[in-house]
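S.K.: Can you keep this structure in mind? I'll have questions shortly.
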Amino acid sequence: MKSKILNILKSSHTYVSGEDISKILGISRAAIWKHINQLKKEGYIIDSLTKSGYKLISSPDILSLDEINPYLNTKFIGRNILYFQSIDSTNSYAKSLSTDCIDGLVIISEEQTKGRGRLGRTWISPKGKGIWMSIVLHPNLPPSEAHKLTIIAASSIYATLSPFNVDVKIKWPNDILINGKKICGILTEMNAELNHINYLVIGIGINVNLELEDFNEDLKQIATSLRIETGNLIDRKKLTAEILNNLEKFYIDYLSYKNIAPYLEIVRKNSAIIGKDVEIIKPNEKFIARVVDIDEDGQLIIDKNGNLEKLLSGEVSLHNTYK
C-alpha cells in the first residue's frame, strides 16, 4: 500500500488530497497518514497542506524497488527485491534462503558490514555510495557450466559502464577495471547437486560514488569509482536498473541458445590481461605466466615456461611488475 501511495504522488505534479487517495485505494485517511509518515522516515520529502493534501518534493537516493522500478524493462530479474539499509553480506543472505526462492530475486543493501570478495577477501561497502547486490537465479544448467554465468555478468556490466566513455576492461574471471583500477567485483556462488544447480547467486559490488577518502592508502593504488573516473555524481538507481536489464537480456539469450561465444568475445576484446605477464595465485602455488587467450569454454590459456596450460579457476594479479 505504501508503494501505491508513493506511485500516486510521483504521478502528480501538484497536491493530491487524502480524500482522493482514499477513494483510489479504498483505505482510511488515517492509514494514508501512517504510510506518508513512513515514507518520510525513508527519506522522501513530502509536503502536507490542509485542504490541499500531499505533494512529493523529492525522492531519496536509495535502491529500493520503488526507486529502481521506473527504469527496469526486465521480465523477472529485479521484479522482486529484498532491500536493506544495512546487511552483513548480500551473498550470504541470498545463500541462506531456501532452494525454491524466487527466480530473479535481488537482494540489495545500502551498505555491507561484512562484504565478501573472492578467496574470502573483504569488500569495502560504504553506505549509499555503491551498488551492493546479489541476484538469485535458477538456471537449467549442470554445475560445470556455472562459471559461464560469471562471463555473462561481466559482459553485462561492461555493456552498462562502457557508455560512460571510460577505459573499461575485464580481468578474468570476475573483476572490472577502469584505467587499470578495480571498480567492480563479481562473486558467483551456487547451491548444487551432482548434476543440477539448485540455485546460483551472482554477487555484484560496484564502486559508484565513492570519493578518494573512502579508500585507505593501499586501496587507492588499486581501486577506483565511477565518480572518481568521470568527475560526476552518478545516478545509482538508473545504473542498477541498467545492469539488471543487460544481465537479463544476456542471460536469457545464453539459456535459449547455449552460445557463450558473443560474451566471450566481449571478454576477449576488452581483456585487461591477454598478452600480459601476470601472477597466477592458486591454493598451493604462485607463478608468473603470460596470458595467451581465453578458450571457447571460458578457460584462461597461459604460457608457463613455454608450455600452454588452461585454467578454469585461480586468482590473477596485475600488481607490481605484472602490469
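Condition check ((1) surrounded by 20 or more Cβ atoms within 10 Å (Cβ to Cβ); (2) farther than 23 Å from residue 301 by Cα; (3) touching a Leu at 6+ places or on another chain (Cβ under 6 Å)) across all residues:
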| site | (1), (2), (3) |
| --- | --- |
| 171 | yes, no, yes |
| 187 | yes, no, no |
| 202 | yes, yes, no |
| 215 | yes, yes, no |
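S.K.: Being surrounded by fewer than 18 Cβ atoms within 10 Å (Cβ to Cβ), among the basic types (Lys, Arg) and free of Cβ contacts under 8 Å to residues at least 40 places away in the same chain narrows it down to one of 127, 114, so name that one. Don't jump to the end; show me each part of the working.
M.R.: Working: 127 fails: free of Cβ contacts under 8 Å to residues at least 40 places away in the same chain.
Answer to the check: 114.
S.K.: Moving on to the next point. Which one of these does residue 101 not meet: (1) touching a Leu at 6+ places or on another chain (Cβ under 9 Å); (2) in a loop (DSSP other than H, G, I, E, B); (3) of a type in the set (A, V, I, L, M, F, W, C)?
M.R.: Here residue 101 clears every test but (1).
S.K.: Continuing with the same structure: Restricting attention to segment 43-77, and to residues there that are among the charged types (D, E, K, R) and surrounded by fewer than 16 Cβ atoms within 10 Å (Cβ to Cβ), which single residue is nearest to residue 22 (Cα to Cα)? So that I can check it myself, show each step before the final result.
M.R.: If we filter segment 43-77 for residues that are among the charged types (D, E, K, R), which is where we start, we get 47, 51, 55, 61, 66-67, 75.
Of the ones still in play, those that are also surrounded by fewer than 16 Cβ atoms within 10 Å (Cβ to Cβ) are 47, 51, 61, 75.
Working: 47: 18, 51: 14, 61: 28, 75: 31 Å.
The selected residue is 51.
S.K.: OK, next. When only residues in segment 198-232 that are β-branched (Val, Ile, Thr) and at pLDDT 95 or above count, which is farthest from residue 162 (Cα to Cα)? It would help to see each step written out before you state the result.
M.R.: Just the residues of segment 198-232 that are β-branched (Val, Ile, Thr), to begin with: 201-202, 204, 206, 208, 222, 224, 228, 230.
In the following step, the residues that additionally are at pLDDT 95 or above were identified as 201-202, 204, 206, 208, 224, 228, 230.
Values: 201: 24, 202: 21, 204: 17, 206: 14, 208: 14, 224: 15, 228: 15, 230: 12 Å.
Here the answer is 201.
S.K.: Being closer than 30 Å to residue 96 by Cβ, over 17 Å from the mean Cα position of the chain (by Cα) and either of a type outside the set (A, V, I, L, M, F, W, C) or in a helix (DSSP H, G or I) (or both) is true for just one of 252, 243. Which residue is that? It would help to see each step written out before you state the result.
M.R.: Numbers: 243 fails: over 17 Å from the mean Cα position of the chain (by Cα).
Unique residue meeting the criteria: 252.
S.K.: Right, here's the next one. Out of segment 84-100, which residues are surrounded by fewer than 17 Cβ atoms within 10 Å (Cβ to Cβ) and of a type in the set (Ser, Thr, Tyr)?
M.R.: Result: 86, 96, 98, 99.
S.K.: While we're on this one: Taking the condition of being within 14 Å of residue 315 (Cβ to Cβ) and either part of a strand (DSSP E or B) or in contact with a His (Cβ under 7 Å, 6 or more places away or on another chain) (or both), how many residues in segment 271-292 meet it?
M.R.: Result for segment 271-292: 11.
S.K.: Further question on the same structure: Being surrounded by 14 or more Cβ atoms within 10 Å (Cβ to Cβ) and free of Cβ contacts under 8 Å to residues at least 40 places away in the same chain narrows it down to one residue among 260, 288; which is it? Walk me through how you get there before you give the answer.
M.R.: Values: 260 fails: free of Cβ contacts under 8 Å to residues at least 40 places away in the same chain.
Checking each option against the conditions leaves just 288.
S.K.: Checking residue 81 against (1) of a type in the set (A, V, I, L, M); (2) surrounded by fewer than 17 Cβ atoms within 10 Å (Cβ to Cβ); (3) within 25 Å of residue 127 (Cα to Cα), which test does it fail?
M.R.: Failing condition for residue 81: (2).
S.K.: If residue 268 satisfies all but one of (1) surrounded by 21 or more Cβ atoms within 10 Å (Cβ to Cβ); (2) assigned to a helix (DSSP H, G or I); (3) over 19 Å from the mean Cα position of the chain (by Cα), what's the number of the condition it fails?
M.R.: (1)
The values are calculated or read from the model by the stated rules, or taken from the named source; none is laboratory data. Everything quoted here is computed from the prediction, not taken from an experiment. FYI the Cβ positions are ideal-geometry reconstructions off the backbone, even for glycines, and counts take in every protein chain you see.
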